[in-house]
Amino acid sequence: MSDDAAPLSVDTAVYKTLLESTQAIPWRIDLETMRFSYIGPQVERLLGWSPRSWVSVDDWVERMHPEDRERVVGFCIEQSRNGIDHEADYRALKADGSYVWIRDVVHVVRNGAGEGEALVGFMFDISERKKSEEKLMQLQRELEELSYQDGLTGVANRRLLDSVLESEWASAKRAGQALSFIMLDIDCFKLYNDYYGHLAGDDCLRRVVQIVSTSAARPRDLLARFGGEEFALVLPETDLEAACQVAERCRAALCDAAIPHRASDVSHLVTVSMGVATATPAEGGIPASLIEQADRRLYQAKQSGRDRIAGE
């Protein structure tokens, strides 16, 4: 290795044996020539490249995944020039063409004048750690998705509804476009639960969600559970007339599905009442006002006999 090892009260051969018995891969690069003066034999066991093939820093660069190269090389050069110890994670190319995740831990060796003369470090195989991190990240993504999902019906929950409505309101305000909101309530749903039981009621909610989702199927439209048997639809870039058409399409599709409801005061089938509201955010107001307006119109639909749409 380097002259820095000389002061240690350990025989050089013993010291070398200790280095080469570890799972980590020791290495040394002379800063003046940017060539490897040493790399441990472990490198061949891990990557398949013989120690003799590691001649200069170019070999290290070329044996790095192209997607990692610019980021890692730029960072390591900057840190090394500034004399700062550092570490970097990247995918290293194996002789068989596959890649393995490596962590390089780098120390700057200085001469008597305090100037950097070499880089020494260790390469660690962190593939298993990366697999664990990826599994954890996937789990976190799944948990985040669940935190925005209604557990019973699978559609968005109130938390996501509020977030999307806020975002679409801002987008409509910038673009000077209309934004519509539909509040939907299943008529006489308490009577449905009392007559058929709560498990059948859960199935009914899921069927209604499936029907409404199919009827309002544009990519940006959002169907969310507002609470209980109430659902909401956020319809970006949609004026009142178009929103009422969406509502009527949902109501008609539910009628065609003919879900029995013998306890209903309205029909022998499951029906819905809907309130439709539209706003142009550029003219002022807040998202909550759109919800309030749709809720008032839903109340009007119920008061007028249910199984209908109130949009004006």
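Each residue in the range 186-223 was checked for being in contact with a Phe, Trp or Tyr (Cβ under 8 Å, 6 or more places away or on another chain) and either under 19 Å from T238 (Cβ atoms) or not in a helix (DSSP H, G or I) (or both), and 3 pass. Go through the residues of the range 213-224 one by one and say whether even a single one is touching a His at 6+ places or on another chain (Cβ under 9 Å) and either touching a residue at least 24 places away in the same chain (Cβ under 8 Å) or outside the structural domain of L184 (by TED's automatic domain parsing) (or both). The answer is no; no qualifying residue exists. Tell me, please, whether a residue that is in a helix (DSSP H, G or I), within 25 Å of the chain's Cα centre (by Cα) and at pLDDT below 85 can be found in the range 147-155. Yes: the range 147-155 contains one or more residues that are in a helix (DSSP H, G or I), within 25 Å of the chain's Cα centre (by Cα) and at pLDDT below 85. Say whether the condition of being crowded, with 16+ Cβ neighbours inside 10 Å, in a helix (DSSP H, G or I) and among the basic types (K, R) is met by at least one residue in the range 159-182. Yes, that holds for at least one residue. Filtering the range 250-279 to residues that are surrounded by 21 or more Cβ atoms within 10 Å (Cβ to Cβ) and of a type in the set (A, V, I, L, M, F, W, C) leaves C250, L254, V270, V272, M274, V276, A277, A279.
Filtered by the rule that a residue be touching a residue at least 12 places away in the same chain (Cβ under 8 Å) and over 14 Å from L165 (Cα atoms), the range 277-292 gives a lone residue, A282. Checking I259, I286 one by one, the residue that is more than 32 Å from the chain's Cα centre (by Cα) and either of a type in the set (A, V, I, L, M) or not assigned by TED's automatic domain parsing to the domain that holds Y195 (or both) is I259 and no other. Can you find a residue in the range 264-275 that is under 21 Å from V164 (Cβ atoms), among the hydroxyl-bearing types (S, T, Y) and in a loop (DSSP other than H, G, I, E, B)? The answer is no; no qualifying residue exists.
The values are calculated or read from the model by the stated rules, or taken from the named source; none is laboratory data. No experiment lies behind these values; they were computed from the predicted model shown. With ideal geometry, Cβ positions are generated from the backbone for all residues, glycine too; neighbour counts draw on all protein chains shown.
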